[in-house]
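Peer 1: Starting off with a structure, shown below.
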Amino acid sequence: MQLKRHVCPRNCFSTCSMISYVENGQLQKVTGDPENPYTNGRICAKGLSYVDHVYHKDRLKYPMYQKNKGSGRFERISWESAYDMIVDNWLAIDQQYGSLLPVGLYKYTGDLSAGHYAPEEFFSSMGPTTRIVGSPCAAAGFDAAYYDFGIGCSSDPEQMEEAELIVIWGANPAVTSIHSIRFLENARKNGALVVVIDPVLTKTAELADFYLQINPGTDGIFANALTSYLIDQDLHDEVYLNRHSHGFDAFKNELKGIDHGILLQQTGLQEEAVSFMKTLLTSSSKIFHWIGLGFQRHTNGGQMVRTVNALGAVQGLIGKPGSGVHYAHADTWIFENQTAFFKEHLEKNNRILPLTHWIDLGGTVLDPPLESLWISCRNPLIQDPQPGQIREHLKHIPFVVTADLFMTETAKWSNLVLPVTSFFEEEDIATSYWHRGFAYNEQAIEPYHESKSDYTIMKELARRIDHRFHSPSAFPTDLTKREYLNRQWNDNVRRQFGFSDVHEAVGQIRYPESALISWKNHDYLTPSGKFEFYSDRAQNNGLPALPIHKQQVVRTDPDSLQLFTTHDSRGLNSQFKGSRTIPERATAVHIHAEAAAAREISDGELVRVFNENASLTMKAKVTSLVHPSVALIYQGSATSTDEAVNQLVSVKDSDMGEHVSGSKSIAYYDSFVNIKPKQNHAPR
Ligand SMILES: Nc1nc2c(c(=O)[nH]1)N[C@H]1C(S)=C(S)[C@@H](COP(=O)(O)OP(=O)(O)OC[C@H]3O[C@@H](n4cnc5c(=O)[nH]c(N)nc54)[C@H](O)[C@@H]3O)O[C@H]1N2
Ligand SMILES: Nc1nc2c(c(=O)[nH]1)N[C@H]1C(S)=C(S)[C@@H](COP(=O)(O)OP(=O)(O)OC[C@H]3O[C@@H](n4cnc5c(=O)[nH]c(N)nc54)[C@H](O)[C@@H]3O)O[C@H]1N2
Ligand code: SF4
Ligand SMILES: [Mo]
């Protein structure tokens, strides 16, 4: 039995280290790697199901072509024919338009390892193209960090163990960041209290000491009220504020006159809960605030993050052990091609198509229109809002290529489908947005049937198009994957991970010896060099300069419920469907008993969930865990676009996201639905 080292490259906080067991070229078993001090030999159920995932009966084996998208009449073709089709398509476009501007790239985070930024680099190497940009995931919160601190940077999760109080705002680590739970538990053993603030009583809330069920999208009002109280009580940290902050007086003035009645009415919190939270904040000196990614999926999501950042700053928590405000960090995305990814929208020759514009308008309204689209590491016909509308847009684009491991809904609406390798079939490197570990992923088995890595596809295409376009491709055509990875090394990588080149890193895991405290040196990257309560950058981008939140999102129909489509344990976005080892994820709508009673709905009954966008039928799960104004349907579980919960999700911008991603984020959790029993009840 041969053992190889891997790292799970999914868009997941954990980025787990793994060991594969291979016999006769076949993957036999995958386990956690005990040598990684963060993941500590443990992986989630999805990780344990990888053998099934790799040899899944639905895995793509060959390039497939269909003339008419959606016809399902795919024919197997050779890679050579696939490349010919692509190159002919692009050459014709280049000849007609004088550039590849009508060719688009639509990519996201199906695999986050460094080698998987090759498509971005490849597209950037061919002169101007069109980029569908914008993060459906985290950009609003990252922009909030940019305005306040200068960049997103969180302490290592181990810092939680030193805290006296941990406040979790809209994160569900028991499901989405499983290795963090160990630190939470250790903190509690050390005497810390854990508070979860969430409209849903999640698995994480079950583990906590206190749970506050807040009205959705109102945390900023709560954070401002707490901040105002601390200032009124003279409990703010004068030394920190004088030395390291900018615009505190203006913030303090704006906080004056927060109406306590409005606070209670808007947030839905009880008087006792508010005063209890005040007591907790005033009686602890080491407070670790953790803001989740789900927290910012609102039209005011970025601003809400700024209010919690401000709460932490007023207490002088920033830069202290076991303290601070933590969201995620971007400082491990430092390989050369990743830098290009973050900056791609800044390349002035590219045509930037913000996600919401694309979903609303499609590609044919552009001048020149989108003639060709490359989709990779992304499954928009399940994951993006209004996937049915996107399907229409795909129909109108003459040539759509999707690279994936499976025949996803998106692949079904493509002309050409290219099979890609899993991470067991190619070497790579993955880092995390939550911990600072580095892990090398070794190749354990040969590519499944005719699949190729995204890098190999780009390289082989580059060879074929070399010097045939108006802007010849500069993408390297003759490097092995390892050499390609080595090209991504720079001084930041050396400094951060300590490997001078790829050869030193092969097969290695590296985890920092001591847990980093973010902003320990108070070297903020804002224009003032301080924590900015008052942000000119925000103001220049048409946003409030100060982190003040007064108004909740107003629902137009008082009978509607706010649709939450959060992340669940059985999948990773749209991945891991149909795995034998992971229980089926039947779509259900979770509603509070009060909301169910008002609509005469009983547990297990079939209901219609509908709004101006769509109507879906599913089972109702009546529970006391969700907020009475919320309808919760886990995202990612549908097997078809027509049944995807995103059919119900409206295309709404968050307030922030443009700085890091070139487009505002998506306010996924600010859609509203009505629910009715499927069958009309007999009159009572
Ligand atoms: N309603 C609602 N929608 C949401 C969210 C929500 O909370 N609610 N969450 C949003 C968030 S946070 C995110 S991050 C997005 C995620 O959205 P996506 O990035 O689209 O999601 P995934 O399903 O993780 O991956 C997309 C595809 O990548 C493929 N893939 C995996 N590995 C590779 C590879 O090596 N190469 C290639 N070419 N393909 C590969 C997978 O098979 C999968 O089909 O969804 C967003 N959508
Ligand atoms: N098992 C598993 N793990 C995953 C993923 C997965 O799909 N499955 N997805 C990965 C990805 S791409 C991401 S982005 C992360 C997401 O990680 P998380 O942010 O932890 O997860 P979410 O489910 O997006 O949202 C977290 C919580 O925010 C709450 N919330 C929503 N709105 C508000 C609000 O206004 N106020 C407050 N206080 N709370 C609110 C929701 O009820 C939810 O419980 O997880 C990653 N890890
Ligand atoms: S999906 Fe996340 S928790 Fe599961 S093995 Fe991969 S990185 Fe680890
Ligand atoms: Mo995400």
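The values are calculated or read from the model by the stated rules, or taken from the named source; none is laboratory data. Source: prediction; values computed, not measured. FYI the Cβ positions are ideal-geometry reconstructions off the backbone, even for glycines, and counts take in every protein chain you see.
Peer 1: Quick check on Gly294: is it within 16 Å of ligand 4 (Cβ to nearest atom) and either without any contact (Cβ under 8 Å) to a residue 40 or more places away in the chain or closer than 30 Å to Asn573 by Cα (or both)? Break it down stepwise before answering.
Peer 2: Values: within 16 Å of ligand 4 (Cβ to nearest atom): yes; either without any contact (Cβ under 8 Å) to a residue 40 or more places away in the chain or closer than 30 Å to Asn573 by Cα (or both): yes.
For Gly294, the condition - within 16 Å of ligand 4 (Cβ to nearest atom) and either without any contact (Cβ under 8 Å) to a residue 40 or more places away in the chain or closer than 30 Å to Asn573 by Cα (or both) - is met.
Peer 1: Write out, first by first residue and then by second, each pair whose Cβ atoms fall under 6 Å of each other, whose residues are 6+ apart or on separate chains, and whose first residue, in the stretch 368-393, is farther than 16 Å from Lys69 by Cβ while the second is in a loop (DSSP other than H, G, I, E, B) and among the charged types (D, E, K, R).
Peer 2: So the pair list comes out as Cys377/Asp111.
Peer 1: Here is a follow-up. For the stretch 1-37, which residues satisfy the criterion of being under 20 Å from Ala174 (Cβ atoms) and within 15 Å of ligand 2 (Cβ to nearest atom)?
Peer 2: In the first step, residues of the stretch 1-37 are kept if they are under 20 Å from Ala174 (Cβ atoms); the result is 8, 10-16, 32.
Those that are under 20 Å from Ala174 (Cβ atoms) and within 15 Å of ligand 2 (Cβ to nearest atom): Cys8, Arg10, Asn11, Cys12, Phe13, Ser14, Thr15, Cys16.
Peer 1: While we're on this one: Exactly one of these conditions fails for Pro37: (1) away from ligand 3 (no atom under 14 Å from the Cβ); (2) in contact with a Lys or Arg (Cβ under 8 Å, 6 or more places away or on another chain); (3) within 18 Å of Gly437 (Cα to Cα). Give me its number.
Peer 2: (2)
Peer 1: Let me ask another. Can you go through Thr402, Thr431, Thr356 and tell me which one is crowded, with 23+ Cβ neighbours inside 10 Å, polar (S, T, N, Q) and away from ligand 1 (no atom under 13 Å from the Cβ)? Steps first, answer last, please.
Peer 2: Numbers: Thr402 fails: away from ligand 1 (no atom under 13 Å from the Cβ); Thr356 fails: crowded, with 23+ Cβ neighbours inside 10 Å.
Sole residue among the options that is crowded, with 23+ Cβ neighbours inside 10 Å, polar (S, T, N, Q) and away from ligand 1 (no atom under 13 Å from the Cβ): Thr431.
Peer 1: Now, a different point. Output the number of residues of the stretch 557-591 satisfying the condition of being away from ligand 4 (no atom under 16 Å from the Cβ), closer than 23 Å to His298 by Cα and hydroxyl-bearing (Ser, Thr, Tyr).
Peer 2: 2
Peer 1: Moving on to the next point. Just a yes or no: is a residue in the stretch 183-193 within 16 Å of ligand 2 (Cβ to nearest atom), over 17 Å from the mean Cα position of the chain (by Cα) and of a type in the set (A, V, I, L, M)?
Peer 2: Yes, the stretch 183-193 contains at least one residue that is within 16 Å of ligand 2 (Cβ to nearest atom), over 17 Å from the mean Cα position of the chain (by Cα) and of a type in the set (A, V, I, L, M).
Listed here are the residues, each with its yes/no results for (1) at pLDDT 95 or above; (2) closer than 29 Å to Glu161 by Cβ; (3) aliphatic (A, V, I, L, M); (4) not assigned by TED's automatic domain parsing to the domain that holds Leu201.
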{"position": "Ala223", "(1), (2), (3), (4)": "yes, yes, yes, no"}
{"position": "Gly247", "(1), (2), (3), (4)": "yes, no, no, no"}
{"position": "Asn253", "(1), (2), (3), (4)": "yes, no, no, no"}
{"position": "Met277", "(1), (2), (3), (4)": "yes, yes, yes, no"}
{"position": "Ser284", "(1), (2), (3), (4)": "yes, yes, no, no"}
{"position": "Ile287", "(1), (2), (3), (4)": "yes, yes, yes, no"}
{"position": "Trp290", "(1), (2), (3), (4)": "yes, yes, no, no"}
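Peer 1: Across the stretch 434-474, what is the total count of residues that are outside any strand (DSSP E or B), at pLDDT 95 or above and hydroxyl-bearing (Ser, Thr, Tyr)?
Peer 2: 5
Peer 1: For the stretch 553-588, which positions are touching a helix residue (DSSP H, G or I) at 6+ places or on another chain (Cβ under 9 Å), under 25 Å from Asp653 (Cα atoms) and more than 10 Å from ligand 2 (Cβ to nearest atom)?
Peer 2: Asp559, Leu561, Leu563
Peer 1: Consider Gly261 carefully, then state whether it is buried (at least 16 other Cβ atoms within 10 Å of the Cβ), free of Cβ contacts under 8 Å to residues at least 40 places away in the same chain and outside any loop (DSSP other than H, G, I, E, B).
Peer 2: Working: buried (at least 16 other Cβ atoms within 10 Å of the Cβ): no; free of Cβ contacts under 8 Å to residues at least 40 places away in the same chain: yes; outside any loop (DSSP other than H, G, I, E, B): yes.
Criteria not met by Gly261.
Peer 1: Which of (1) without any contact (Cβ under 8 Å) to a residue 24 or more places away in the chain; (2) within 16 Å of ligand 4 (Cβ to nearest atom) does Ser432 not meet, given it meets every other one?
Peer 2: (1)
Peer 1: Same structure, new question: Among helices (runs of 4 or more DSSP H) lying entirely in the stretch 185-255, which contain 2 or more residues that are among the aromatic types (Phe, Trp, Tyr)?
Peer 2: Working: elements: 203-207, 219-232, 238-244, 248-255.
Once the helices (runs of 4 or more DSSP H) in the stretch 185-255 are filtered for at least 2 residues that are among the aromatic types (Phe, Trp, Tyr), what remains is 219-232, 248-255.
Peer 1: Which one of these is assigned to a loop (DSSP other than H, G, I, E, B) and buried (at least 18 other Cβ atoms within 10 Å of the Cβ): Ala596, Ala638, Ala586? Give the derivation first.
Peer 2: On the way: Ala596 fails: assigned to a loop (DSSP other than H, G, I, E, B); Ala586 fails: buried (at least 18 other Cβ atoms within 10 Å of the Cβ).
Among Ala596, Ala638, Ala586, only Ala638 is assigned to a loop (DSSP other than H, G, I, E, B) and buried (at least 18 other Cβ atoms within 10 Å of the Cβ).
Peer 1: Now for a different question. Just name the residue that is farthest from ligand 4 (Cβ to nearest atom) out of those in the stretch 124-135 that are at pLDDT 90 or above and under 18 Å from Glu658 (Cβ atoms). Even if it seems obvious, please write down each step before you answer.
Peer 2: The first filter runs over the stretch 124-135 and keeps only residues at pLDDT 90 or above, leaving 128-133.
Filter once more, keeping what is under 18 Å from Glu658 (Cβ atoms): 130-133.
On the way: Thr130: 23, Arg131: 19, Ile132: 16, Val133: 15 Å.
Among residues in the stretch 124-135 that are at pLDDT 90 or above and under 18 Å from Glu658 (Cβ atoms), the one farthest from ligand 4 (Cβ to nearest atom) is Thr130.
Peer 1: List the strands (runs of 3 or more DSSP E) inside the stretch 1-116, counting only whole elements, that have at least 3 residues being of a type in the set (A, V, I, L, M, F, W, C) and on the phi < 0 side of the Ramachandran plot. Even if it seems obvious, please write down each step before you answer.
Peer 2: Values: elements: 2-7, 17-23, 26-32, 103-107.
Once the strands (runs of 3 or more DSSP E) in the stretch 1-116 are filtered for at least 3 residues that are of a type in the set (A, V, I, L, M, F, W, C) and on the phi < 0 side of the Ramachandran plot, what remains is 17-23.
Peer 1: Surrounded by fewer than 16 Cβ atoms within 10 Å (Cβ to Cβ) and either in contact with an Asp or Glu (Cβ under 8 Å, 6 or more places away or on another chain) or not polar (S, T, N, Q) (or both): does that describe Ser285? It would help to see each step written out before you state the result.
Peer 2: Working: surrounded by fewer than 16 Cβ atoms within 10 Å (Cβ to Cβ): yes; either in contact with an Asp or Glu (Cβ under 8 Å, 6 or more places away or on another chain) or not polar (S, T, N, Q) (or both): yes.
In short, yes.
Peer 1: Does Ser113 satisfy the condition of being polar (S, T, N, Q) and within 16 Å of ligand 2 (Cβ to nearest atom)?
Peer 2: Working: polar (S, T, N, Q): yes; within 16 Å of ligand 2 (Cβ to nearest atom): yes.
In short, yes.
Peer 1: Can I ask one more? Name the residue that is surrounded by the fewest Cβ atoms within 10 Å (Cβ to Cβ), counting only residues in the stretch 376-399 that are on the phi < 0 side of the Ramachandran plot and of a type in the set (S, T, N, Q). Write out each step before concluding.
Peer 2: In the first step, residues of the stretch 376-399 are kept if they are on the phi < 0 side of the Ramachandran plot; the result is 376, 378-385, 387-399.
With of a type in the set (S, T, N, Q) added as a condition, the list becomes 376, 379, 383, 389.
Values: Ser376: 24, Asn379: 24, Gln383: 24, Gln389: 18.
Out of the qualifying residues, it is Gln389.
Peer 1: Looking at (1) crowded, with 23+ Cβ neighbours inside 10 Å; (2) outside any loop (DSSP other than H, G, I, E, B); (3) out of contact with any Pro (no Cβ under 8 Å at 6 or more places or on another chain), find the lone condition where Ser414 falls short.
Peer 2: (2)
Peer 1: Based on this model, can you work out whether Lys577 counts as within 25 Å of Gly134 (Cα to Cα) and modelled with pLDDT under 95? Please lay out each step first, then the result.
Peer 2: Working: within 25 Å of Gly134 (Cα to Cα): no; modelled with pLDDT under 95: yes.
Answer is no for this residue.
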